Amino acid sequence: MTELAAVKAALRTQAVETPSWAYGNSGTRFKVFAQPGVPRDPFEKLDDAAKVHEFTGAAPTVALHIPWDRVDDYAALAKHAEERGLKLGAINSNTFQDDDYKLGSICHPDAAVRRKAVGHLLECVDIMDATGSKDLKLWFADGTNYPGQDDIRARQDRLAEGLAQVYERLGDDQRMLLEYKFFEPAFYATDVPDWGTAYAHCLKLGPKAQVVVDTGHHAPGTNIEFIVATLLREGKLGAFDFNSRFYADDDLMVGAADPFQLFRIMYEVIRGGGFTSDVAFMLDQCHNIEAKIPAIIRSVMNVQEATAKALLVDRDALGAAQRAGDVLAANAVLMDAYNTDVRPVVAEVREELGLDADPIAAYHRSGWAQKIAAERVGGQQAGWGA
């Protein structure tokens, strides 16, 4: 198989999970700008997600967020997805919006609040059972704002206890994916602030617990690909939340701020054997001023292009330069791959799959934006206000 054929074969297997909340009205804490045609319920979110998959061929699953996507009949929601060529992906919990969680959720000093939080997480596992979802994704806003506010070590004990209760409820084919974030909304001490803390808890829990790397959840200058390489080496990289940032957790389209970083991450994924279904490649983004469906399509395309470039790295030449200690030659190998225009190759893959070479243009020609703007009138648009 030629190099180009191998790249194309790999790209045909790629899947990027899109987030239900990205189809709704979302944005900053200051203002959310509503758009016409925004879904009013999870079923309409899936209708939009189906269009992303229809035009990219690479977005077959949709992550849900509970309670934002709570419905009376989850089997019906899963059937709705299946009828549109989709499956339901990760179930995301929410323990950060209720007033009870002002001082934390499963790390809260009050046992009653901790029981409420764990109860919600167990509800999410029930939803996994009903939808056929395999992954429970956990992110906690828990933390403290001031020194002395609470006992840091005790909060870690409470965290471990709560996670263990949920872990025991998981089925044999289900996973717990633990996400970290180094600050916000807690500013003094976040309870799961970094990959090391997440890894330590997952290691203690067992093989069904793995770490989520959100590309926006790091301090400036953090070498994310080092984290990826290390977690892959330890068998603990479970998923990505792909987005892009300039300052903090900006939740911009992946590859928008630093496409070279996305390329480096994807190279380490491929180098470390993570380009498999065992690592979930998910988007976690907010589209506030840009049209939502085209933004998600563009994000999927950005991941595809970064992956294609990473697949083009001449690993034999890179290894030879590294063994020879030739710093410039080694860097040049990476830069040669990164500077390659892979758009024609990715377009060929789409055409070979019977898709349009240009997903954005195909979407605009489809008239879907005009259709949903005309039909989705009345009711309450999905999203959160600010």
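General observations
Let's see how each residue does on (1) touching a residue at least 60 places away in the same chain (Cβ under 8 Å); (2) outside any loop (DSSP other than H, G, I, E, B); (3) closer than 18 Å to H65 by Cα:
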position: H80; (1), (2), (3): no, yes, yes
position: A90; (1), (2), (3): yes, yes, yes
position: T95; (1), (2), (3): no, no, yes
position: Y101; (1), (2), (3): no, yes, yes
position: S105; (1), (2), (3): no, no, yes
position: H108; (1), (2), (3): no, no, no
position: A117; (1), (2), (3): no, yes, yes
position: D126; (1), (2), (3): no, yes, yes
position: A141; (1), (2), (3): no, no, yes
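- Within the range 45-76, the residues that satisfy the criterion of being among the hydrophobic types (A, V, I, L, M, F, W, C), out of contact with any Ser or Thr (no Cβ under 9 Å at 6 or more places or on another chain) and part of a helix (DSSP H, G or I) are A50, A76.
- Within the range 275-285, not a single residue is in a helix (DSSP H, G or I), surrounded by 17 or more Cβ atoms within 10 Å (Cβ to Cβ), within 14 Å of the chain's Cα centre (by Cα) and of a type in the set (V, I, T).
- Complete set of residues in the range 202-216 that are over 9 Å from the mean Cα position of the chain (by Cα), hydrophobic (A, V, I, L, M, F, W, C) and either under 13 Å from F182 (Cα atoms) or open to solvent by less than 10 Å² (accessible area, probe 1.4 Å) (or both): C202, A209, V211
- Number of positions in the range 160-184 that are assigned to a loop (DSSP other than H, G, I, E, B), aromatic (F, W, Y) and open to solvent by 10 Å² or more (accessible area, probe 1.4 Å): 2
- Restricting the range 1-44 to residues that are assigned to a helix (DSSP H, G or I) and among the charged types (D, E, K, R), the residue that is surrounded by the most Cβ atoms within 10 Å (Cβ to Cβ): E44
- Condition check for F226: out of contact with any Gly (no Cβ under 7 Å at 6 or more places or on another chain) and either open to solvent by 30 Å² or more (accessible area, probe 1.4 Å) or under 21 Å from I152 (Cβ atoms) (or both): yes
- Residues (in contact with a helix residue (DSSP H, G or I) (Cβ under 7 Å, 6 or more places away or on another chain) and of a type in the set (G, A, S)) located in the range 105-116: S105
- Among the residues of the range 51-73, those identified as within 22 Å of K137 (Cα to Cα) and open to solvent by less than 30 Å² (accessible area, probe 1.4 Å) are A58, A59, V62, A63, L64, H65, I66, D69, V71.
- Failed condition for D142, given (1) under 30 Å from H80 (Cβ atoms); (2) crowded, with 21+ Cβ neighbours inside 10 Å: (1)
- Entry remark, the range 185-215: residues being touching a Phe, Trp or Tyr at 6+ places or on another chain (Cβ under 9 Å), in a loop (DSSP other than H, G, I, E, B) and under 17 Å from A280 (Cα atoms) number 2 in total.
- Test result for A256, closer than 23 Å to M301 by Cα and open to solvent by 20 Å² or more (accessible area, probe 1.4 Å): yes
- Of all residues in the range 143-159, those satisfying the criterion of being of a type outside the set (S, T, N, Q) and part of a loop (DSSP other than H, G, I, E, B) are Y146, P147, G148, D150, D151.
The values are calculated or read from the model by the stated rules, or taken from the named source; none is laboratory data. Note that the structure is predicted; figures quoted are calculated from it, not measured. Note that each Cβ is placed from the backbone with ideal geometry, even for glycine, and that neighbours are counted across all protein chains shown. These accessible areas exclude ligands, DNA and RNA; they are computed on the full protein's heavy atoms, side chains included. Shrake-Rupley method; radii C 1.70, N 1.55, O 1.52, S 1.80 Å.
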